Amino acid sequence: MANNISLTGIKSKRKAELVDLGTKLGVETDQLNRDKLIENIRDHLRKNEHSLKDDPLFAPYFTDTRRKSRKSVAVNEEVDDDGSELSSSGSPDARVHVQPRATSVPVQARESSVDIPHASPSSTSFSSVKRASIAKADTIQEAAHDSIEAVKEHTIDAAHEIESEAQDMVNSFSQYAVKLRKCTINTINSVQRWTSDSQHLLLAGLLLELFVVLYSVTPIRIHRIDVPEPVQKYTTNYIRVKLPYAKSLLTPPFVNPVKKFLIYSLIVPFIPSVLINFDKSVFSPLTFTLVRLALIVSFNSQAAVESYMPLKVELTLLALLSSFSLVELLSKPRK
C-alpha cells in the first residue's frame with residue numbers, strides 16, 4: 001500500500017494553523033517561514049506514515065494511491081462438440097453454455113477509424129478560412145509593427161534634429177553674446193579713452209556752442225504744406241514745418257553773431273594756447289579755456305551775460321572744461 005502526502009490540504013492552511021499542526025506532530029516551528037513549515041510537516045508525515053495514517057487527526061493528509069485492477073480469471077475448460085463447456089469436475093450435468101465471442105476489430109484498424117476522421121467539405125472550408133484569417137492577422141500585425149517602428153524612428157529622428165537645431169541656436173546665441181560683450185566693452189573703453197582727453201572734450205564743447213549760436217541767430221520761417229486728400233481723413237488738412245529763412249542767412253542779424261563767435265571763441269584763444277603750454281603738447285586746452293573766459297568777462301557786461309543764452313552756455317562749458325583741464329594737468333606724472 002502506497003500513500004502520498006496531500007500537500008493541498010497542508011498548503012491551504014494559514015501559518016498559525018501550520019504552527020499548531022507542527023506542534024501536534026512534534027516538528028520544530030520556531031522562527032520558520034510558511035514554506036519551511038510545510039516542508040518540515042511533509043517530511044515528518046512521510047517518515048511516520050505507518051504510525052500516523054490510521055490516526056483520525058492526521059489521516060486526511062494521506063491519499064491512497066492503490067490502483068484498482070480488474071480481476072481476470074483464466075478458466076481452462078474443455079468445450080464440448082455442441083458448444084457446451086464441461087465443468088472442472090468433468091460432470092456432464094454441470095455445463096456452462098458459452099456464447100462464441102465476436103471477432104474483434106484489429107487495433108490498427110480501430111485506431112484508424114477512431115483517430116483519423118474523414119475530411120468533409122465543411123471542415124476543409126473552415127480550416128482554409130481559419131488559415132487565411134491567421135495569415136491575414138499576421139500580416140496586419142506585421143504592418144502595424146512596421147508602422148509603429150516607422151513612426152518611432154521618425155519621432156526619434158525629428159527629436160534629434162530639433163535637439164541639434166536648438167543646440168546650434170544656443171551656440172550661435174552664445175557666440176553672438178560673446179561678440180556683443182566684447183564689442184560693448186571695446187566701445188565703452190574707446191568712449192572712455194576719448195572722453196578722458198581734454199582736447200576731445202573741448203572740441204565737443206565748441207561744436208555744442210556753435211550749434212546753440214546758430215539755433216539762436218538763425219531766423220525761422222513757418223511753411224505750410226498741404227496734405228493729400230486721401231490722407232486728410234487720418235490727419236489735418238495741412239501741416240506746419242519750421243525751416244530756416246534762406247534769404248536772411250546773409251543779413252547782419254545772422255552774420256555778426258557768427259563772426260563774433262569765430263573770432264573771439266576760436267581764433268583769438270587758439271594763439272595763446274599754442275604759445276603758452278603747461279603740459280608740453282602742441283595745444284593746451286587749459287590755456288584756451290582761460291583766455292576765452294577772460295575775453296567774455298572783458299567784453300560783456302553782467303546784464304548781457306544774463307540775457308544772452310549762448311553766452312550762458314559758453315560760460316558753463318568753459319568753466320567745466322577749465323576745471324577738467326586743470327585736473328588732467330595735475331594728474332599727469334611729471335617727467
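Nothing in this text is a laboratory measurement; each read-out follows from the coordinates by a stated rule. None of the values given here were measured: they were computed from a predicted structure. Cβ coordinates were reconstructed from backbone atoms using ideal geometry, including for glycine residues, and neighbour counts include every protein chain displayed.
Data overview
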item: Net charge dipole size for the range 3-64 [Lys, Arg +1 and Asp, Glu -1 on Cβ; Debye, nearest 20]; result: 220
item: Extension reserve of the Thr187-Ser174 stretch, reckoned as 0.36 nm per residue once the Cα distance is removed; result: 2.7 nm
item: Nitroxide proxy distance, nm - points 7 Å out along Cα→Cβ at Tyr215 and Glu306; result: 2.4
item: Filtered trypsin sites (Lys or Arg not before Pro), the range 204-236: DSSP coil and at most 16 other beta carbons within 10 Å; result: Lys233
item: Spin-label model distance (nm) - Thr124 vs Ala144, 7 Å beyond Cα toward Cβ; result: 3.4
item: Gyration tensor verdict on the range 156-195 (Cα atoms; rounded if a/c is under 1.5, prolate if a/b is larger than b/c, oblate otherwise); result: prolate
item: Shape call, the range 176-281: gyration tensor on alpha carbons, a/c limit 1.5; result: oblate
item: Computed E for Lys136/Glu161 - FRET, C-beta separation, R0 35 angstrom, nearest 0.05; result: 0.45
item: Label-point gap, in nm, between Ala246 and Ser298 - each point 7 angstrom along Cα→Cβ; result: 4.1
